[in-house]
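Following: one structure in structure tokens, then a few remarks.
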Amino acid sequence: MTKGVFLHRSDSIYQDQPDSHYQFPSSYLSRASQCVGDWIIYLEPTKAGKRGYHAVARVQQIIPDPTLDDMFIAMIEPGTYLDFDREVPFRDVDGYPERGVLNGEGRISGRAQSAMRPISDADFNRIVSRGLLDQDELLPRTGSYAAHQVREEAAPFLFEQERDRVPLLTNRVVRDRVFRSKVLQAYDSTCAFTGLKFINGGGRAEAEAAHIRPVEHNGPDIVNNGIALSGTVHWMFDRGLLSLTDDLEILVSRGVNDKDGIRQLINQSGRAKVPIEAYMRPHPRFLQWHRENCFKG
């Protein structure tokens with residue numbers, strides 16, 4: 001087993017769903033097979049956008065693509081995909097966090113052009129350390145905590161290559177906090193159904209990060225499986241009293257005892273307000289699951 005870097009872009013010609021599967025040609029089969037059972041980092045190429053290294057996941061198995069000859073699919077282990085709290089540039093002021101792409105002279109080698117490539121444990125830990133808040137920020141603590149805020153002034157990690165970051169990636173508390181941080185950043189801490197944005201004196205948002213398909217039903221910790229909702233709306237959404245169509249029209253269950261009150265609470269347009277970036281918006285496959293398995297139409 002070895003860790004790896006998989007290139008992914010939102011406008012990819014391949015049939016990818018990064019939280020569940022990654023399609024690739026047979027020429028990469030040998031490299032991909034090395035990653036089975038281990039973690040990979042998703043990297044958006046600089047020419048495709050600015051996300052850089054932006055998520056991790058664990059490869060469960062490699063299977064032939066049942067629809068296309070000479071193509072394969074890396075199946076992602078359910079529940080392992082995790083967006084970084086902050087995206088890590090391919091190159092920053094400190095140089096290249098993935099030092100394995102450099103040659104002996106410290107210059108970019110042809111290795112950097114490979115869409116699937118192995119990565120050392122040191123490089124993996126370095127990138128994850130920069131992509132996630134420090135462990136002390138993520139693990140439980142008492143008192144108020146502005147989980148949706150990113151520390152721009154964070155000091156560099158010392159000896160980060162010696163710190164194994166894998167335990168953080170499977171910690172449920174860590175994953176919940178990173179998910180909340182990422183979703184509230186995407187929605188500017190604003191409830192998508194009501195348009196309300198409340199911040200308390202400690203800087204914590206009233207809005208909550210709701211999973212559209214819950215974790216206990218194999219819902220991934222990915223932004224497009226999340227939506228920012230106020231506490232009351234979140235409660236109604238989880239209980240199937242509210243839902244969304246694929247084009248983001250808010251659905252109200254026939255079981256609601258005060259439909260007029262709900263209509264006054266939600267956006268006058270009757271539609272959810274979502275991020276501009278398409279990859280952050282609720283994905284139709286998760287919305288369909290919610291309508292079919294949770295919504296009490």
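The values are calculated or read from the model by the stated rules, or taken from the named source; none is laboratory data. Computed from a predicted model, the values in this text were never measured in an experiment. Here the Cβ positions follow ideal geometry from the backbone for every residue, glycine too, while neighbour counts run over all protein chains shown.
Observations, loosely collected:
- Residue match in segment 161-182 (condition: modelled with pLDDT under 65, on the phi < 0 side of the Ramachandran plot, surrounded by 12 or more Cβ atoms within 10 Å (Cβ to Cβ) and more than 21 Å from the chain's Cα centre (by Cα)): yes
- Failed item, numbered, when F198 is tested on (1) surrounded by fewer than 21 Cβ atoms within 10 Å (Cβ to Cβ); (2) in contact with an Asp or Glu (Cβ under 7 Å, 6 or more places away or on another chain); (3) within 20 Å of D246 (Cβ to Cβ); (4) not hydroxyl-bearing (S, T, Y): (3)
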